[in-house]
Amino acid sequence: MSSRFFFLCLFALLVGEASAQSFRMDCKDPRGDNVEKGLIAGLAPGVVTRVSEHRLRVRSASGTQDFVDEPPHDEPFGGVHYYFCDRKEGWILLMKLDQTLSTGTLVNEATGKITPGGETVLFSQDKRAYLVSEQPNGMDGNTWAIYATDGRQSWSGYNFIVGQGPNLTAHAYLSEPTWTATGELIAQATCTMNLEITWRAKLVKKDGEWNWQPKKPCPAPRRK
């Protein structure tokens, strides 16, 4: 094998691995003096424009799209408001705040298609799906959802494994969600009653229902 051919193969392998990496988008709160202005200037100059106080304009291959806030504008949890957050890999993430939810909206720059986003968005390695995290107002925890890149939702739940009983209690917290190379979602599970008990859980579909597996026992720590 010639050295030139070897390096070409190595280069192709490295490019393939780089293109197969998942990536994350974040909505660090862009509100406040010149925060959003700095984000737009650094990440999306000429692509995202704050046209007026309550109108945000996004340019894509399909043209321009305006995201217009809905009143009331002077109440903490009133109306609907949009802010620019992040731009990566041909996607634009906007924060979307309304009366009940802190979430996001995604814009595909190549097509102009608008799909649901979140406060954070984690794309799978093959870029066919993504996980979003949203914050419902008044909820101690987040909701998670998985979407195909065309906007179809395949799963929604919580960032915790639900316990037994009629009330919505957390058996174990979920953190550090990660996509595997085969398109499976895994996360770190931590017992709510004993933070020393942790394991890797996987979102599995069985008999038409999605669940985090395994669901390990979470006994309370022994008193010393």
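Remarks
- If you take all other residues with their beta carbon under 12 Å from the beta carbon of Ala201, and give Lys and Arg +1 and Asp and Glu -1, the sum is +2.
- Amide N proximity, the range 74-98 versus Arg50 label position 7 Å along Cα-to-Cβ, cut-off under 14 Å: 82-86, 95
- Candidate residues Arg24, Arg55: accessible-area rank, largest first, probe 1.4 Å: Arg24, Arg55
- Compared with the direct C-alpha span, the chain from Val162 to Gln188 gains 7.9 nm at full extension, assuming 0.36 nm per residue.
- Net charge of neighbours whose Cβ lies under 13 Å from the Cβ of His171, counting Lys and Arg as +1 and Asp and Glu as -1: +2
- Assigned charges on the beta-carbon of Lys, Arg, Asp, Glu; the chain dipole about Cα centre (debye): 900
- Ellipticity estimate at 222 nm from DSSP helix runs (n ≥ 4, -39,500 (n - 2.57)) divided over the chain, nearest 500: -3500 deg cm²/dmol
- Amide H contacts of Val162 (H built 1.01 Å from N, in plane; Pro and chain starts excluded): His171 sit under 5 Å, all sequence-distant by 5 or more or on other chains.
- In percent, rounded to a whole number, the relative contact order of the range 120-224 is 15, using alpha-carbon pairs under 8 Å and six or more apart.
- Rounded to whole Hz, the Karplus (6.51, -1.76, 1.60) HN-Hα couplings of the range 206-213, x for glycine and proline: 9, 6, x, 10, 8, 8, 8, 10
- Electrostatic tally near Val68: other residues with Cβ closer than 14 Å to its Cβ, Lys and Arg +1, Asp and Glu -1, net -1.
- Positive dipole terminus of the chain, leading residue within Val162, Gly183, His54 (C-beta point charges): Gly183
- When the range 98-154 is reduced to its Cα atoms, the Kirkwood hydrodynamic radius in Å: 11.8
- The gain in end-to-end length when the Ser175 to Glu196 segment is fully stretched comes to 6.1 nm, 0.36 nm per residue minus the alpha carbon separation.
- Within the assembled protein chains, the solvent-accessible surface assigned to Thr103 is about 10 Å², based on a 1.4 Å probe.
- In this structure, Lys215 and Trp155 have a Cβ-Cβ separation that, at R0 = 25 Å, corresponds to a calculated FRET efficiency of about 0.90.
- Cross-link partners for Lys216 among the aspartates and glutamates, with Cα-Cα distance under 15 Å and sequence neighbours closer than 8 places in the same chain left out: Glu196.
- Taking a ≥ b ≥ c as the square roots of the eigenvalues of the alpha-carbon gyration tensor, the chain is classed oblate because a/c is 1.5 or more while a/b is no larger than b/c.
- In this calculation the C-beta distance from Thr64 to Ala148 is compared with R0 = 30 Å, giving a FRET efficiency of 0.75.
- Part-to-part distance (alpha-carbon centres) for the range 115-184 and the range 70-94, which is given in Å: 20
- Out-of-range pairs (alpha-carbon distance over 19 Å; input Lys28/Lys202; Lys37/Lys88; Lys37/Lys127): Lys28/Lys202; Lys37/Lys127
- Rounded accessible area of Ser62 (nearest 10 Å², 1.4 Å probe): 80
The values are calculated or read from the model by the stated rules, or taken from the named source; none is laboratory data. On a predicted model such as this, the values are computed, not experimentally measured, just so you know. Virtual Cβ from ideal backbone geometry, glycine too; neighbours counted across all protein chains shown. To get the accessible areas, we keep the full protein, side chains included, count just its heavy atoms, and leave off ligands, DNA and RNA. Shrake-Rupley method; radii C 1.70, N 1.55, O 1.52, S 1.80 Å.
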